[in-house]
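Since every read-out is calculated from the coordinates, none of them should be taken as a lab result. Just so it is clear, the structure is predicted and the values come from calculations on it, not from any experiment. Note: ideal-geometry Cβ built from the backbone for every residue, glycine included; neighbour counts use all protein chains shown.
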Amino acid sequence: MSYYTLITHPVSSEKSMRLMQQENKLVFKVALHATKAAIKQAIEEHLKVKVMNVNTMITSRGQKKAYVTLSKDNPAIDVATQLGMM
């Protein structure tokens, strides 16, 4: 599947900024049907980064979030800047 059909948008809240700085993680809103493997593949191909882990959660509002841990070689802050979050 395409990056644009899986990933809705990056999340830029206080918590996501803290995760970005301390744990090298990015947070995205994703489609409900998106699997962890599909999210990992889409982000690796589109953003040209190495993804170590993907955790997903469905919020009480019925939206799905993906917490994406990047490798140490790819600082999350640099990727966020590329995405226009910073």
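Some points to look at:
- Simple spin-label estimate for LYS36 and LEU83 in nanometres, 7 Å along Cα-Cβ: 1.9 nm
- Excluding same-chain neighbours fewer than eight residues apart, the lysines reachable from LYS40 by a Cα-Cα span under 20 Å are LYS25, LYS29, LYS48, LYS50, LYS64, LYS65, LYS72.
- Each peptide in 12-18, 65-71 receives the mean, over its residues, of other Cβ atoms within 10 Å, and ordering these scores from highest gives 65-71, 12-18.
- Taking a straight Cα-Cα cut-off under 15 Å and skipping sequence neighbours fewer than 8 places away in the same chain, the aspartates and glutamates within cross-link reach of LYS15 are GLU23.
- Relative contact order of the chain, defined on C-alpha pairs under 8 angstrom at six or more residues apart (%): 31 percent
- Cβ crowding within 10 Å averaged over residues, with 72-79, 24-31 ranked highest first: 24-31, 72-79
- Full-extension gain in nm, GLU14 to SER71, via 0.36 nm per residue minus C-alpha separation: 18.4 nm
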